[in-house]
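S.K.: Have a look at the structure that comes next, please.
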Amino acid sequence: YDRLTLAVLHDQAWWKGESGDAASAVAVFEELLVVRQSILGDDHPFTLATRHDLAWWRWDYGDEERAKTDLGSAFRDYRRVMEPAHPQTVAVREDLDFLDFLTAEGRHGVPHRQVRDTPQRVLGDLPGLDFLQPAAHPADVGTIEP
């Protein structure tokens, strides 16, 4: 698999969700997660980011309990792999806290973009993996064998 193709699939899943098709976003993220886990492993930052975003789109799709469970699991792994103060670890923790707040307030079905666009979000936490991936340079584009 080409690294950039996997990044494009990640972004495609994200934008499917942004367009209002959370079911398709979840389906693409689920497929991408299997590929990333098999190629990169469970602890790779791109795999963790896929798990994070999959949990969010599960929330939009209406599977709120699984979303919170998956986000909690992703947070524990981020904290172990990336360190507690890493911006992505902090972002996942804030996402989890916000979902807990929404649940406690009985505010089910609040769309992902309303959470993402709150001022409490970490600067640089952008859709997809753009903030994690360096700009592609022709020499850096390679293929990852399955």
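S.K.: Looking only at the stretch 60-94, which residues have a backbone nitrogen under 12 Å from a spot 7 Å from the Cα of F101 in the C-beta direction?
M.R.: Once the point is set 7 Å along Cα→Cβ of F101, 94 turn out to lie under 12 Å by backbone N, inside the stretch 60-94.
S.K.: Inverting the mean 1/r over all pairs of different Cα atoms, compute the Kirkwood radius of the stretch 55-99 and quote it in Å.
M.R.: The Cα-based Kirkwood calculation yields 10.3 Å.
No value in this document is a laboratory result; all are computed from the given coordinates. In this text, all values refer to a predicted model and were calculated from it rather than measured experimentally. Here the Cβ is made from the backbone with ideal geometry for all residues, glycine too, and neighbour counts use every protein chain on show.
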